[in-house]
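What follows is a short report on a single structure.
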Amino acid sequence: MSSATGRIIDTILPEIIDLRHELHEHPEIRFQESWTSRRISDVLTQWGIPHQTGLGKGTGIVASIAGKPGKTIALRADIDGLEVEEATGLPYASRIPGRMHACGHDGHTANLLGAARVLLECRDALRGTVRLLFQPGEEQGGGARYMIADGALDGVDAIFGLHGSPLFPAGAIAVKSGPLMASADFFRMVIQGRGCHGADPASAIDPVIVAAHITTALQTVVSREVDPRQPAVVTVAHIEAGTTTNIIPDTALLEGTIRSFDPGTDALLREAIGRIARHTAQAFRASASVSFGEKPYPPLVNDAAMTELLIDSACRTIGTANVVVLKEPQMIAEDFACYLEKVPGAFFFLGMANEPDVPYPSLHSPCYDFNDKALRTGMGVMAELALRVLSTT
């Protein structure tokens, strides 16, 4: 990265790390990020960066750093946590029971604030405006759509974002042009049986047994119904039934997710899940109802020109050896895809791993923690990218 940018980052890095730890202590789930939003607003106010609060169902923020007249690019960070009980044992571990920044959004937020500070110091070099989006509800909330509805992309010419990944080394980024992440939808299945005493199962229609058979049968959807050339995932991630050891319950609940890159495959998954659930339940004298999310996440598709610009800028910033150009997409999903449906842009992964042979805790793990060593890389790539885009347009 440029010597000027590097000096600024070295100066502010301790402050940004402290801020990241503070955010980590206060995780809040989708659209409940009131403390987080206030803290971001306080920092922006302290730095003299104008911003608007109360967006995206109430906790989103849009800030702007304006240079000379020109185009507008947006940089985005998600700010929400997850319903996970933290097990890191860190001195700055979550203070909120059952809540944790298990996906590293504390790091994403701190990273964007750090990049903003760099750009604020370098605003005389900007031929245009950098818009900063602090978005709530990325985790199953589709917060991007609400930010878009509130005008976050109005007048934006391009957008960029990142996500920490334990699959790549700290100090590196990874990206690919075109499809990078899958679409995602979430299903909820309620199985209706008939409960009774656990000692008299013949008098019941046991929804637990039905749930087990449906879960097993759903594993055949991808292996036996989806074209093997089309990536797809069907995962049952939550099963809930009963209250104690000697009662067969009336109902059972199954919840999970589906992933794909192709609309036809997505439609096939939905139809197959509904069909298998209904007919399997019927075979056991029960019934099953299936519902899907109202607003599924679309596939995340990076714009070719913006990706090339990102790669070139990152190579100049952190060195070609630290820029991984991926050949295959990943099955995780991101509502950043919603922004890319509206304006061109690119999304990339920011490496977290410290050592190649030592697995880093996975995303959504109770042991996951955003790697502070990655902040210098993330801030540098984001800031230099914005400077390059807005100094050449």
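Taken over the stretch 99-127, the criterion of being within 19 Å of the chain's Cα centre (by Cα) and among the acidic types (D, E) is satisfied by D106 alone. Tell me yes or no: at least one residue of the stretch 11-25 is surrounded by fewer than 21 Cβ atoms within 10 Å (Cβ to Cβ), under 25 Å from R127 (Cα atoms), touching a residue at least 24 places away in the same chain (Cβ under 8 Å) and of a type outside the set (G, A, S). Yes; the residues of the stretch 11-25 include at least one that is surrounded by fewer than 21 Cβ atoms within 10 Å (Cβ to Cβ), under 25 Å from R127 (Cα atoms), touching a residue at least 24 places away in the same chain (Cβ under 8 Å) and of a type outside the set (G, A, S).
When L326 is tested against (1) under 24 Å from R259 (Cβ atoms); (2) surrounded by 13 or more Cβ atoms within 10 Å (Cβ to Cβ); (3) outside the structural domain of I159 (by TED's automatic domain parsing), only condition (3) is not met. Is it true that some residue in the stretch 261-274 is charged (D, E, K, R), at pLDDT below 95, under 30 Å from G141 (Cβ atoms) and touching a helix residue (DSSP H, G or I) at 6+ places or on another chain (Cβ under 7 Å)? Taking every residue of the stretch 261-274 in turn, none turns out to be charged (D, E, K, R), at pLDDT below 95, under 30 Å from G141 (Cβ atoms) and touching a helix residue (DSSP H, G or I) at 6+ places or on another chain (Cβ under 7 Å).
Give me a count of the residues in the stretch 268-311 that are among the aromatic types (F, W, Y) and within 19 Å of A337 (Cβ to Cβ).
As a first pass, look at the stretch 268-311 and keep what is among the aromatic types (F, W, Y): 284, 292, 297.
From what is left, the residues that are within 19 Å of A337 (Cβ to Cβ) are 292, 297.
The qualifying residues number 2.
The single residue among G193, G164, G141 that is within 22 Å of S291 (Cβ to Cβ) and crowded, with 22+ Cβ neighbours inside 10 Å turns out to be G193.
Listed conditions (1) farther than 20 Å from D78 by Cβ; (2) under 19 Å from the mean Cα position of the chain (by Cα); (3) modelled with pLDDT of 95 or more are all met by T320, apart from (2).
Given the criteria outside the structural domain of V233 (by TED's automatic domain parsing), assigned to a strand (DSSP E or B) and either charged (D, E, K, R) or on the phi > 0 side of the Ramachandran plot (or both), does G155 qualify?
Numbers: outside the structural domain of V233 (by TED's automatic domain parsing): yes; assigned to a strand (DSSP E or B): no; either charged (D, E, K, R) or on the phi > 0 side of the Ramachandran plot (or both): yes.
Considered against the rule, which asks whether it is outside the structural domain of V233 (by TED's automatic domain parsing), assigned to a strand (DSSP E or B) and either charged (D, E, K, R) or on the phi > 0 side of the Ramachandran plot (or both), G155 comes out as no.
Screening T317 on (1) touching a helix residue (DSSP H, G or I) at 6+ places or on another chain (Cβ under 9 Å); (2) closer than 28 Å to G264 by Cβ; (3) part of a helix (DSSP H, G or I); (4) of a type in the set (S, T, N, Q) shows it passes everything except condition (2). Could you say which residue among T235, T220, T257, T265 is within 30 Å of E341 (Cα to Cα), surrounded by fewer than 18 Cβ atoms within 10 Å (Cβ to Cβ) and not small (G, A, S)? Exactly one residue qualifies, and that residue is T235. Flag: R285 matches the condition of being among the basic types (K, R) and in contact with a strand residue (DSSP E or B) (Cβ under 6 Å, 6 or more places away or on another chain).
Hey, does the stretch 356-376 have a residue that's assigned to a helix (DSSP H, G or I), of a type in the set (D, E, K, R) and under 14 Å from K176 (Cα atoms)? Looking for residues that are assigned to a helix (DSSP H, G or I), of a type in the set (D, E, K, R) and under 14 Å from K176 (Cα atoms), one finds none in the stretch 356-376, hence no.
Per-residue answers, yes or no, for (1) touching a residue at least 24 places away in the same chain (Cβ under 8 Å); (2) of a type in the set (A, V, I, L, M); (3) out of contact with any helix residue (DSSP H, G or I) (no Cβ under 7 Å at 6 or more places or on another chain):
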{"residue": "R38", "(1), (2), (3)": "no, no, yes"}
{"residue": "G54", "(1), (2), (3)": "no, no, yes"}
{"residue": "V62", "(1), (2), (3)": "yes, yes, yes"}
{"residue": "P69", "(1), (2), (3)": "yes, no, yes"}
{"residue": "R76", "(1), (2), (3)": "yes, no, no"}
{"residue": "D80", "(1), (2), (3)": "yes, no, no"}
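Can you find a residue in the stretch 306-319 that is over 27 Å from E121 (Cα atoms), surrounded by fewer than 17 Cβ atoms within 10 Å (Cβ to Cβ) and not basic (K, R)? No, every residue in the stretch 306-319 fails to be over 27 Å from E121 (Cα atoms), surrounded by fewer than 17 Cβ atoms within 10 Å (Cβ to Cβ) and not basic (K, R).
Listed by position, the strands (runs of 3 or more DSSP E) inside the stretch 160-274 whose residues that are hydroxyl-bearing (S, T, Y), under 30 Å from L310 (Cα atoms) and under 27 Å from the mean Cα position of the chain (by Cα) number at least 1 are 183-192, 251-260.
Assess whether F347 counts as being at pLDDT 95 or above, in contact with an Asp or Glu (Cβ under 7 Å, 6 or more places away or on another chain) and outside any loop (DSSP other than H, G, I, E, B).
Working: at pLDDT 95 or above: yes; in contact with an Asp or Glu (Cβ under 7 Å, 6 or more places away or on another chain): yes; outside any loop (DSSP other than H, G, I, E, B): yes.
Criteria met by F347.
Looking only at residues of the stretch 323-344 that are within 14 Å of P299 (Cα to Cα) and not in a loop (DSSP other than H, G, I, E, B), we find that the one that is modelled with the lowest pLDDT is Q330.
The values are calculated or read from the model by the stated rules, or taken from the named source; none is laboratory data. If you're wondering where the values come from, they're calculated on a predicted model, not measured in any experiment. Note: ideal-geometry Cβ built from the backbone for every residue, glycine included; neighbour counts use all protein chains shown.
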